[in-house]
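The values are calculated or read from the model by the stated rules, or taken from the named source; none is laboratory data. Bear in mind that the values here come from a model prediction, so they are computed numbers and not experimental data. Heads up, the Cβs are rebuilt from the backbone with ideal geometry, glycines too, and the neighbour counts pull from every protein chain shown.
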């Protein structure tokens, strides 16, 4: 990334074509102006990018190699100690970190299947032709424009075990109305996953809808002539046709669920016990509330490496299989 | 043609609409209840007695929770953030779409690479940078760092690459410089992309939660989401007040969404197809 700061030191006069550049300069530069013009256009963004993305990306590693307490003047270099501590069951942050990783893992596993499948069903429903289609699409997408603060606060109230309206409605329907939605497991996980589905279903559905629009109608017509059942059409036309979109949805949804923070911060407050304290909650609590930034930075890099590996595995597992 | 949508289909649509809109209406109704009615078992759905107490408390009674101030802070931060994103991303996106220069591939590659880096990596180092800049507990902490994200540049670049070059060529023949061409020819033709990116940036900033709760400290500097989460931290939660506050945070974005939902939805849809 340091390369982005380097301005051309030798005049790119055009006398020496850039290595590998097969197109002639004059034909492609298109826009008239001095050779500094592109950098002038780029500079406001690059200034921000270098300051708040490139430098912090490296600074974070530097911090993680120190016993970096924001409130203390001395920040001694400790090498890889903060990373080693995460593997040492005797260290103080070992338990918090792996408890957070476990909670994040549980949330990913229980939420992602619903966040991938239910929006697909909704998208297939919305892909039919019917009056008011745009209206219903907008209605189902609406919760997504709300922030996690609004969503968390409202569902904490609606899911309250004693006076919440979810239990109120359930008992009005003759169902058990005393479920401890936010204060007992497994209900707390079920609540967090369900609220996340309610909040974000429209996002993935809209992405699927764009993918569905690209599947040629003739494929379905041909299948109908051959007497295909709806399930066969889904299995042999829709899902293969959506493969690139499906990969995108699975990878981004796993990452989004692994970043879960606000829902358990507001709805379950990490409870019952510490069971819904996610990795992000542990990292922000340690780094930005207790200001022990060295350890928290090490945790965030370990989590990032985990997520990168999982993304690679997802792309690999969902790739086109040539048999 | 063959597929007809029977009553079962419309029943399904109705049930789904109730699921997605109903909770918002229940919460809105709760804001008009007394505190005791918000905790009755079984719960009431419509207030037995309509009361504006929650709004009175929210706006006028609690000096430690200046909700109107939070509302204005949120609005100001989101507006400035969206404006900053539009300026820097439409400039940089245009250079990356139309101009040739050294290190173009390296710069674009570095920007795209960060689309795949999770945001939490930047929490601690950016907190330290803001401290050095003197921006902690300042509105700049909300406005500026988020504008360095790769999405906006990528989005604008893709849009500019799809514009026909002819307009720019003729502007050049008329003697317009690159900046003038960008301002008076390219940007007016990019209005749909600018609206989409502006609205998405505004929504993301208005809704941001994890960043403002850690970089803002003074009660009068908070954004609405950060402030509301502190209201909820009280010993017994005054739910009508918290729900009124949640609606205050929800209604502006829902209203904005009603007017520009096409842009929001198409912006989201394009992220999947192109990404």
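Just to be sure before I move on: is residue A:130 at pLDDT below 90, over 30 Å from residue B:70 (Cα atoms) and in contact with a strand residue (DSSP E or B) (Cβ under 6 Å, 6 or more places away or on another chain) in the structure I sent? Spelling it out, it is not the case that residue A:130 is at pLDDT below 90, over 30 Å from residue B:70 (Cα atoms) and in contact with a strand residue (DSSP E or B) (Cβ under 6 Å, 6 or more places away or on another chain). The set of residues in the range A:243-269 that are outside any helix (DSSP H, G or I) and surrounded by 22 or more Cβ atoms within 10 Å (Cβ to Cβ) contains only A:260.
Taking every residue in the range B:141-161 that is outside any helix (DSSP H, G or I) and pairing it with any residue that is surrounded by 24 or more Cβ atoms within 10 Å (Cβ to Cβ), at least 6 positions away or on another chain, yields no pair with a Cβ-Cβ distance below 6 Å. Residue count for the range B:129-167 satisfying the condition of being more than 21 Å from the chain's Cα centre (by Cα) and within 7 Å of chain A (Cβ to nearest Cβ): 2.
All of B:257, B:239 fail the test of being surrounded by 23 or more Cβ atoms within 10 Å (Cβ to Cβ), at the interface with chain A (Cβ under 8 Å from one of its Cβ atoms) and at negative phi, apart from B:239. In the set (1) under 13 Å from residue A:263 (Cα atoms); (2) part of a loop (DSSP other than H, G, I, E, B), the condition left unmet by residue A:188 is number (2).
Condition check ((1) within 10 Å of chain B (Cβ to nearest Cβ); (2) touching a helix residue (DSSP H, G or I) at 6+ places or on another chain (Cβ under 8 Å)) across all residues:
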site: A:287; (1), (2): yes, yes
site: A:293; (1), (2): yes, yes
site: A:296; (1), (2): yes, yes
site: A:302; (1), (2): no, yes
site: A:316; (1), (2): no, no
site: A:320; (1), (2): no, yes
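Of the helices (runs of 4 or more DSSP H) entirely within the range B:1-100, those holding at least 1 residues that are over 30 Å from residue A:40 (Cα atoms), within 7 Å of another protein chain (Cβ to nearest Cβ) and in contact (Cβ under 8 Å) with a residue 24 or more places away in the chain occupy B:7-30.
With a requirement of 1 or more residues that are out of contact with any helix residue (DSSP H, G or I) (no Cβ under 6 Å at 6 or more places or on another chain) and within 30 Å of residue B:45 (Cα to Cα), the helices (runs of 4 or more DSSP H) lying completely within the range B:162-246 that satisfy it span B:191-207, B:224-231.
If you go through the range A:84-96 one residue at a time, do you hit one that is surrounded by fewer than 20 Cβ atoms within 10 Å (Cβ to Cβ) and farther than 27 Å from residue A:276 by Cα? Taking every residue of the range A:84-96 in turn, none turns out to be surrounded by fewer than 20 Cβ atoms within 10 Å (Cβ to Cβ) and farther than 27 Å from residue A:276 by Cα.
Within the range A:132-145, residues that are at the interface with another protein chain (Cβ under 7 Å from one of its Cβ atoms) have Cβ atoms under 9 Å from residues that are assigned to a loop (DSSP other than H, G, I, E, B) in these pairs: A:136/A:130, counting only partners at least 6 apart in sequence or on another chain. Scanning the range B:109-128 for residues that are part of a helix (DSSP H, G or I), under 21 Å from residue A:64 (Cβ atoms) and at the interface with another protein chain (Cβ under 8 Å from one of its Cβ atoms) turns up B:114, B:116, B:119, B:120, B:121, B:122, B:123, B:124, B:125, B:126, B:127, B:128.
Of these, B:191, B:230, which one is over 15 Å from the mean Cα position of the chain (by Cα) and more than 11 Å from chain A (Cβ to nearest Cβ)? Don't jump to the end; show me each part of the working.
Numbers: B:230 fails: more than 11 Å from chain A (Cβ to nearest Cβ).
After applying the criteria, what remains is B:191.
Report yes if some residue within the range A:39-61 is more than 30 Å from residue B:101 (Cα to Cα), more than 8 Å from every other protein chain (Cβ to nearest Cβ) and touching a residue at least 60 places away in the same chain (Cβ under 8 Å); otherwise report no. The answer is yes; a qualifying residue exists.
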